[in-house]
Amino acid sequence: MKRVIVDTGPLVAFMDRGEPFHAWSVAQLEQVQGSLVSCEAVIAEMDYIIRSRGGDPSGLYDRVADGTIEVSFSLAKEVRAVARLLHRFADQEMQLADACVVRLSELHEDCVVLTTDFRDFSVYRRFERQRIPFLAPQLP
């Protein structure tokens, strides 16, 4: 079974019913068997977005606590690889969370990234030139 690495967008959309991709995110996240994999940068970004909209992200923290979302990525151990990705995709204005997700896809080769950032993940590459397997909603 492929690991599912989750980016910020689906987590925000899952928590915010007003998000355009709420229904898609709920459907995708409910289909996952086993743990989702993510990183602290994604969780921090999700927290910031949800709180800035007046929401409460505590439900997602419960999912981290109970192991539904596995957060074992260590930026301290992966900082050089993440910095290389940030430099390589600087023209795309890659953010830390995306760089960490790309690095996670390198560490878990048999994976799929769940994202709402179709455009970004169409451009990003892992291992220099390899497309990242991802699942994103169709753009209108």
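Considering only residues of segment 1-14 that are touching a residue at least 60 places away in the same chain (Cβ under 8 Å) and open to solvent by 50 Å² or more (accessible area, probe 1.4 Å), which is farthest from Val82 (Cα to Cα)?
Looking at residues that are touching a residue at least 60 places away in the same chain (Cβ under 8 Å) and open to solvent by 50 Å² or more (accessible area, probe 1.4 Å), I get Lys2.
Which residues, counting only those in segment 15-31, are free of Cβ contacts under 8 Å to residues at least 40 places away in the same chain and either open to solvent by less than 20 Å² (accessible area, probe 1.4 Å) or not small (Gly, Ala, Ser) (or both)?
Of everything in segment 15-31, those that are free of Cβ contacts under 8 Å to residues at least 40 places away in the same chain and either open to solvent by less than 20 Å² (accessible area, probe 1.4 Å) or not small (Gly, Ala, Ser) (or both) turn out to be Asp16, Arg17, Glu19, Pro20, His22, Val26, Glu30, Gln31.
Between a first residue in segment 38-56 that is in contact (Cβ under 8 Å) with a residue 12 or more places away in the chain and more than 18 Å from Leu114 (Cβ to Cβ) and a second residue that is among the basic types (Lys, Arg) and open to solvent by 60 Å² or more (accessible area, probe 1.4 Å), which pairs have beta carbons less than 6 Å apart while being 6 or more apart in sequence or on different chains?
So the pair list comes out empty.
The values are calculated or read from the model by the stated rules, or taken from the named source; none is laboratory data. These numbers come from a predicted model, not from an experiment. FYI the Cβ positions are ideal-geometry reconstructions off the backbone, even for glycines, and counts take in every protein chain you see. To get the accessible areas, we keep the full protein, side chains included, count just its heavy atoms, and leave off ligands, DNA and RNA. Shrake-Rupley method; radii C 1.70, N 1.55, O 1.52, S 1.80 Å.
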